[in-house]
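To start, the structure itself, in structure tokens.
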Amino acid sequence: MDLPQLLLVGLVLVLGALGVLVPGVPGTWLVWAGLLWWALRVRSAEAWTLLVAATALLLVVQVVKWLLPPRRLHGVTATPRMAVYAGTGAVLGFVLIPVLGAVPGFVGGIYLCERRRLGTHGEAWASARTVMRAVGTSVLVELLACLMVTGAWVGVVASS
């Protein structure tokens, strides 16, 4: 696979991971479709192994999201700006502390957004906890899975 196609696959994977943060965008399916596109073009053992593992992981994530308590959005101020902060924090955390850093980065992004909006530590932390209880857990699980698949793809591409 040549460089422009690899860049396009990478763009689809990144847009899919970011799409998890936007309601109505099938981010998980975009990540999977980008990986499928890559595997069909590369046709190597590593590509097929990654596709099978990613498919299993993304299916498990869909089941886990279904089993999580329903979203309680009443009284929660989850704004698009908060999604940007949380997503940026998760990606930075994922890069700085591979895989595990996405969780504190996600929560830290929500806290930072609320701290800027509300001003005090106590109010910001209470609001961040409320947001995480309402929508954060399911979004975080899905985002973490998409980041793991994207990171694995980067690793396979870099090693070949």
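Any read-out appearing in this document is the output of simple, stated calculations on the displayed coordinates, not a laboratory observation. What you see is a predicted model; the values in this text were computed from it and never measured. Every residue, glycine as well, gets a Cβ built from its backbone with ideal geometry; the counts of neighbours run over all protein chains shown.
Scan around VAL20 for amide H atoms under 5 Å from its own, H built in the peptide plane at 1.01 Å from N, and keep only partners 5 or more places away or cross-chain.
GLY27
How high is the relative contact order of the chain, in percent, counting Cα pairs under 8 Å that sit 6 or more residues apart? Show your work: numbers first, answer last.
On the way: 182 pairs, mean separation 39.5, N = 160.
For the chain, the relative contact order is 25 percent.
For the chain, place one equal point scatterer on every Cα, skip the solvent, and apply the Debye formula. What is log10 of I(q)/I(0) at q = 0.12, 0.13, 0.15, 0.17 Å⁻¹?
For the requested q values the scattering log ratios are -0.54, -0.62, -0.79, -0.96.
Read phi for every residue in the stretch 94-105 and hand back ³J(HN,Hα) as whole Hz from Karplus 6.51 cos²θ - 1.76 cosθ + 1.60, θ = phi - 60°, with x for Gly and Pro.
In residue order, the calculated couplings are 5, 6, 6, 10, x, 6, 5, x, 5, 5, x, x Hz.
So if a site counts as exposed when it's one of the trypsin sites (Lys or Arg not before Pro), its DSSP state isn't H, G, I, E or B, and it has at most 13 other Cβ atoms within 10 Å, what's the longest stretch of the chain without one?
In the chain, the maximal stretch lacking such sites is 73-160.
Compare LEU140, LEU30, LEU96 in a GNM of the chain, Cα atoms joined below 10 Å, and give the one with the largest fluctuation.
Highest fluctuation of the listed residues: LEU96.
Just grab the label-to-label distance for LEU40 and ASP2, each label 7 Å out from Cα along the Cβ direction, in nm (one decimal).
2.0 nm
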